[in-house]
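> There's a structure below that I have some questions on.
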Amino acid sequence: MRDSKRKVRTMIRNVSFAAIMAAAIAIAAPAHAQGFATKDINAIAKQAARVLGPGYQSALRGSSAAFNCPQCQGEPMVSIAVGRQTDGTEGRVRSGETTMAQLQALCRRREPTCRISRLALGPAVGWLSSWPLGSSAGATAVVLRDGDLLTVRVVANTPQAAAAVMDPLVRKLVPAVVGR
C-alpha cells in the first residue's frame with residue numbers, strides 16, 4: 001500500500017513539474033509570426049495571371065514569377081518575387097523610424113523624379129515607388145509582413161502603362177498574398 005501511495009505521489013509531482021515547465025516554456029516562447037497568407041509562388045502566379053488577364057506569357061523560376069505581354073498596351077513586363085527580409089526595415093517603417101519621405105529621398109538619390117507612396121495593407125507595411133527607366137517607366141511595390149517580403153515590379157513603355165498594370169496587382173493580388 002505504501003509503495004502504491006509513493007508511486008502516486010511521485011507521478012503527481014512529475015505531472016505537476018511537467019505542467020509547470022510547459023507553462024514556463026509557453027510564456028517564454030515568443031509569439032509565432034504569421035507572415036503572408038500564402039508564400040507559394042505557384043498559387044501567387046495563378047492569381048497574378050487572373051488579375052493581369054489574357055495575353056500574358058509567364059515563367060516561374062524558384063521563388064519568382066515573370067510575365068510579359070508584347071501585344072498589350074505599353075508592352076508590360078511584370079516580376080513577382082517572394083522572400084524574406086529580416087534586417088529590421090519592416091519594424092522601422094512600422095514604427096515610423098523610417099518614413100516615406102526618407103524612402104523617397106533615398107529613391108531620389110538614384111532618380112530625381114522617383115515617387116514613393118505608402119500602401120495601406122492591413123497587417124503588412126509597404127510602399128510603391130515609380131520612376132523612369134531610360135525610355136521606359138517602372139513601378140515597384142514592396143510589401144513586408146513578419147519578415148516575409150513580396151516584391152512586385154512592372155516595367156512598361158510609359159508611366160501610364162506601368163501604373164495601369166500595377167494598380168490591379170496592388171488592389172487584388174497583394175491583399176490575397178498578405179491575408180488578414
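Read the figures in this text as sums done on the coordinates, not as results from a lab. Keep in mind the model is a prediction, meaning the values are calculated, not measured. Please note: Cβ atoms are built from the backbone with ideal geometry, for glycine as well, and neighbour counts cover all protein chains shown.
> I'd like the full set of residues that are without any contact (Cβ under 8 Å) to a residue 40 or more places away in the chain and touching a Ser or Thr at 6+ places or on another chain (Cβ under 6 Å), limited to region 66-98.
Hits for region 66-98 are Ala66, Phe67, Arg92.
Okay, residues lined up against (1) out of contact with any Lys or Arg (no Cβ under 9 Å at 6 or more places or on another chain); (2) of a type outside the set (A, V, I, L, M, F, W, C); (3) under 21 Å from Ile44 (Cα atoms):
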{"site": "Ala81", "(1), (2), (3)": "no, no, yes"}
{"site": "Leu106", "(1), (2), (3)": "yes, no, no"}
{"site": "Leu119", "(1), (2), (3)": "yes, no, yes"}
{"site": "Leu149", "(1), (2), (3)": "no, no, yes"}
{"site": "Arg180", "(1), (2), (3)": "yes, yes, yes"}
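> Still on this structure, I have one more. Select from region 136-180 the residues that are without any contact (Cβ under 8 Å) to a residue 24 or more places away in the chain and surrounded by fewer than 17 Cβ atoms within 10 Å (Cβ to Cβ) and write down the one among them that is farthest from Pro123 (Cα to Cα).
Top of the filtered list is Asp167.
> I need the full set of residues from region 51-62 which are in contact (Cβ under 8 Å) with a residue 24 or more places away in the chain and either in contact with a Lys or Arg (Cβ under 7 Å, 6 or more places away or on another chain) or surrounded by fewer than 18 Cβ atoms within 10 Å (Cβ to Cβ) (or both), in order please.
Listed by number, the list holds a single entry, Val51.
> Testing Gly122 on (1) of a type outside the set (A, V, I, L, M); (2) surrounded by 14 or more Cβ atoms within 10 Å (Cβ to Cβ); (3) farther than 24 Å from Leu60 by Cα, one condition comes back false. Which one is that?
(2)
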